[in-house]
Amino acid sequence: MTVDGDRILIAGAGLGGLTAALALIRRGFRVAVLEQAPALGEVGAGVQIGANGMCVLDHLGLWPALEPLAWQPDGKRIHHYRTGESWPLYDLGAESVERYGFPYCMFHRADLHAVLAGAVAAAQPDAIRLNAKLAGVEQDGSRAIAMLDGGERVSGAALAGADGIHSVTRHALFGADNPQFTGIVAWRGVVPTAVLPAELLEPHSAIWIGPGGHCVHYQLRNGELMNFVGAVERGDWRIESWNAPGPVAECLRDFDGWNDTLRALIRAIPTPYKWALHVREPMDAWSKGRITLLGDACHATLPFLAQGANHAIEDGLVLARALEAFTDVETALKRYEAARLERTARMVRGSAANTARFHNPKLADPAETARIAREDFDPADVAARHDWLFEYNAVTVEI
Ligand SMILES: Cc1cc2nc3c(=O)[nH]c(=O)nc-3n(C[C@H](O)[C@H](O)[C@H](O)COP(=O)(O)OP(=O)(O)OC[C@H]3O[C@@H](n4cnc5c(N)ncnc54)[C@H](O)[C@@H]3O)c2cc1C
């Protein structure tokens, strides 16, 4: 058994686990991040980080490293899937900084992950352990214990399960979850912008909405790459994995009849990947004793508000602040959970509610477009659906 009663154990070196680790180290804690993978890394895909996530990353001192890797859209626009007719969803760029204090940035996930991992390693060189697969957890009155594949037991003062959507920690604390397939499959792909037609290289992030599906694209790495995500209602693919490739022809088939500009982007994807989207009811509790959860482990969401990683990042900082503020670990974990439960559940429900807006069957009739734009995307309603997300400040929120 590796014993160190004071350190905090974190299962999983994803965006949430690494943020928690860095926030804890910055507050004087020692951490052990137990990651199952043999090497650190992230999938080749984009991730949108709103003002709420950027607030945390800036607080951790990462903005100078992140700024050159970001692509900052001037806003988001909705496009009709067939005609391409478009209208603004909301403005970003300078508007995001003015309204919420921080920019809205698109990153290649590997870039953001590498900056976080590099900062953790620089702050505590022995923090991250690779090939360390959590198999179970245990605890007594004074320690939390991570049981690794192979039999090793690692102990610390507390354990945070940041081990993602199929979390072993969640399973050990609360039993099997009950994911429901949404009937929606998501496609993802990344394309060098150099091969794309000029009409795709707009300064905004685009959301194409149609009957039974929608697509999102935005640039990455200061405009070097284009990220594509497409969601389509089809019931024949159930695998919840980021790494299952599918042929371009199949992706094109899923968006048959959609605008030629969008189809040109799909055609240019070297390898599209597909992922079956599931929903889980928000949990009532995340912690038991000295063990808690964070990120997708406790609030996996549909990606339709682009907030899952943002909330994992917020969790990481709020958890570190709670452990700093309350010397009793169990109290700290309860306060962390209480500060986060309602917000994360609202985000999960808000994401699901976007399905009906983005996949409206009435979009099949272009004559309906103006009415849908007016009613579903009224600027005051759009602000009410998003301001609470971007305004949140995890650095100052009461715990
Ligand atoms: C198509 C799509 C697009 C998305 N776009 C966005 C977006 O634009 N913005 C946004 O905010 N969110 C987005 N999300 C959501 C976002 O990807 C997740 O919410 C986020 O990655 C969760 O981070 P995490 O650290 O909790 O979990 P993960 O990123 O899943 O990390 C979990 C880590 O734990 C490790 N692990 C797992 N099991 C074990 C174990 N037993 N032992 C040790 N280690 C283990 C894994 O290897 C991994 O490193 C999107 C999701 C999808 C599906």
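Bear in mind these aren't lab numbers, they're just calculated from the coordinates by the rules spelled out. From a predicted model like this one, the values you see are computed outputs, not experimental measurements. Glycine gets a Cβ as well: all are built from the backbone with ideal geometry, and neighbour counts include every protein chain shown.
Among the GluC sites (Glu not before Pro) in segment 335-399, those located in a DSSP loop and surrounded by at most 11 other Cβ atoms within 10 Å of their own Cβ are 398.
Cα-based values for the chain, radius of gyration first and Dmax second, are 20.9, 68 Å. Name the lysines eligible as straight-distance cross-link partners of residue 76: C-alpha to C-alpha under 30 Å, and not fewer than 8 places from it in the same chain. Of all the lysines, those that pass the test against residue 76 - Cα under 30 Å, at least 8 places apart if same chain - are 274, 362. For the chain, the longest principal axis of the Cα atoms and the long axis of helix 329-358 meet at an angle of about 10 degrees. A Förster distance of 35 Å, applied to the separation of the beta-carbon atoms of residue 263 and residue 346, puts the FRET efficiency at 0.50.
Helix-derived [θ] at 222 nm for the chain: sum -39500 (n - 2.57) over DSSP H runs of at least 4, divide by residue count, nearest 500?
Details: 13 runs with 142 residues, N = 399.
The per-residue figure over the chain is -11000 deg cm²/dmol.
Specify the angular offset, from 0 to 90 degrees and rounded to the nearest 10, of the alpha carbon long axis of helix 109-123 from the longest principal axis of the alpha carbons in the chain. So the inclination is approximately 20 degrees. Taking Cα atoms only, the orientation of helix 308-325 departs from the longest principal axis of the chain by about 30 degrees.
Write out the trypsin sites (Lys or Arg not before Pro) in segment 235-284 meeting two conditions: DSSP loop, and at most 15 other Cβ atoms within 10 Å of their Cβ. It would help to have the intermediate numbers written out before the result.
Values: sites: 238, 253, 263, 267, 274, 280; in loops: 238, 280.
Taking segment 235-284 and a limit of 15 other Cβ atoms within 10 Å, the loop trypsin sites (Lys or Arg not before Pro) found are 238.
Each of residue 63 and residue 328 was given a label point 7 Å from its Cα along the Cα-to-Cβ line. The distance between the two points is 3.8 nm.
Extension gain for the segment residue 396 to residue 130, taken as residue separation times 0.36 nm less the Cα-Cα distance, is 92.5 nm to one decimal.
Looking at segment 75-127, the GluC sites (Glu not before Pro) that sit in a DSSP loop and have at most 16 other Cβ atoms within 10 Å of their own Cβ are 85. Between 228, 75, 128, the Cα set farthest toward the positive side of the dipole of the chain (charges on each charged residue's Cβ, about the Cα centre) is that of 128.
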